[in-house]
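Derivation of every value follows stated rules applied to the coordinates shown; laboratory data play no part. Remember, it's a predicted structure, so these values are computed and weren't measured experimentally. We place every Cβ from the backbone using ideal geometry, glycine too, and count neighbours over all the protein chains shown.
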Amino acid sequence: MRKLTNPWCDIPGYFCFGCAPDNKAGVRMSFYSDGDDVVSVWKPEQQFQGWLDTLHGGIQAVMLDEICAWVVMRNCNATGVTSKMETRYLKPVSTKDDYLIIRAREIERRRNLVTIEAELYNSAGEICSKAQCLYFTFQPKDALVDYIPQEGEEVSLDEIIASL
């Protein structure tokens, strides 16, 4: 896998709940390219629980939606917004799990509409939730193409997990 740079970090006022590394209230996701997929590895925290020791469904949806946005940025060289999102919760996610893997890929593109599917896995490799997102991508003049993530250093899944 290759680390994707976060192109927004040096922009004043950048405070995304999903991916801003300095937003202490946020989930602070980072991303990697793995073939056609974008991947994030995340350590659950108690502050994001819904029911006792269970990751809140809204937080799961945030992470699934956020990784879909990164697929759009990487694959389409554009930014966009979520037009529609369908989320399925299949299994509870423990906030005591060592790590979660969130993985997404583009499945269809028609003009400025991109369909992406994403899954959230627990550390045992079980799919706990999944989503399909329809993204509306901006026209090139509005797409903020100066802020598209670039692939960086090669890193293994074990190295990512060890760094959490």
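In terms of other Cβ atoms within 10 Å, 43, 24, 84, 130 run from fewest to most in the order 24, 84, 43, 130.
Counting neighbouring Cβ atoms within 10 Å and putting the fewest first, the residues 42, 51, 70 line up as 51, 42, 70.
Taking the Cα centre of the chain as the origin, how large is its charge dipole in debye, to the nearest 20, when only Lys and Arg (+1) and Asp and Glu (-1) carry charge on their Cβ atoms?
In debye, rounded to 20, the chain gives about 540.
Taking the Kirkwood radius as Rh and the Cα radius of gyration as Rg, the range 2-162 has a ratio of Rg/Rh equal to 0.95.
Annotated for the chain: lysine pairs at least 8 residues apart or interchain, Cα distance under 19 Å, count 7. Gain on full extension, evaluated as 0.36 nm per residue between residue 163 and residue 139 minus their Cα-Cα distance, stands at 4.9 nm.
Determine the calculated [θ] at 222 nm for the chain from helices alone, applying -39500 (n - 2.57) to every DSSP H run no shorter than 4 residues and normalising by the residue count; nearest 500 deg cm²/dmol.
Working: 2 runs with 26 residues, N = 164.
Taken over the chain, the calculation gives -5000 deg cm²/dmol.
If a paramagnetic tag sat 7 Å from the Cα of residue 46 along the Cα-Cβ line, which residues of the range 84-107 would have the backbone N under 14 Å from that point? Under cut-off, by backbone N: 95-97. Counting 0.36 nm for each residue step from residue 154 to residue 24 and taking away their Cα separation leaves a gain of 44.1 nm. Projecting label points 7 angstrom from Cα along Cα→Cβ for residue 53 and residue 2 puts them 4.1 nm apart.
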